[in-house]
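Notes follow the structure.
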Amino acid sequence: MKTSWYKEPWAWLVFFLPLSAVIAGITTLIIANTNPDTLVVGDYYKKGKAINLEISKIKHAQKLGMAFALKYSNNELVIKPTGIDKEFPLLNVNFYHPTQQEKDFYFAMTPDAAGSFRQFITNDISGKWRITITPFENHWKIQNTITLPQSSFINIIPKPIEAN
């Protein structure tokens, strides 16, 4: 007595294995096309020169004795110059989130009467941040990794070794 092919369990096993490989391949192709990897920088020489320029700005800030103290609490960011005695008409302050680029933001901060820079922030910025401080002329740069909020002031000093 013969049975139909579709009633045999071995036939379904023989069809299922190649079918699952085809489905996995199509799924992989769809994922690869919808989430492409970023390309390597084509002109790596120019990119390397730009990195060296950024490191030289950090070394220049170190040579000038630039240092700041930063505190963020109660939705207020306070940055005080603690290095050389110099008045800054404007500071450019960039916050870079380590994993989510859409959370990055920027402030152009002016000093108050005491020489401190204050900014009220309505968004929640708790967590780890990469902060970059530059003057209006952009001839020096300080960048550090910090964790917010901070109840006391933390020092922001130029560190050429940590520059990226």
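For this structure, a couple of remarks:
- Taking the conditions (1) under 22 Å from LYS57 (Cβ atoms); (2) under 14 Å from the mean Cα position of the chain (by Cα); (3) not charged (D, E, K, R) in turn, GLN101 satisfies each one other than (1).
- Some residue of region 46-54 being modelled with pLDDT under 85, part of a helix (DSSP H, G or I) and among the β-branched types (Val, Ile, Thr): yes
- As for region 71-86, it holds at least one residue that is modelled with pLDDT under 85 and crowded, with 17+ Cβ neighbours inside 10 Å.
- Subset tally (residues that are at pLDDT below 90 and either buried (at least 17 other Cβ atoms within 10 Å of the Cβ) or outside the structural domain of ILE58 (by TED's automatic domain parsing) (or both)) for region 112-128: 0
The values are calculated or read from the model by the stated rules, or taken from the named source; none is laboratory data. Fair warning: this is a prediction, and the values are worked out from it, not measured in the lab. Note that each Cβ is placed from the backbone with ideal geometry, even for glycine, and that neighbours are counted across all protein chains shown.
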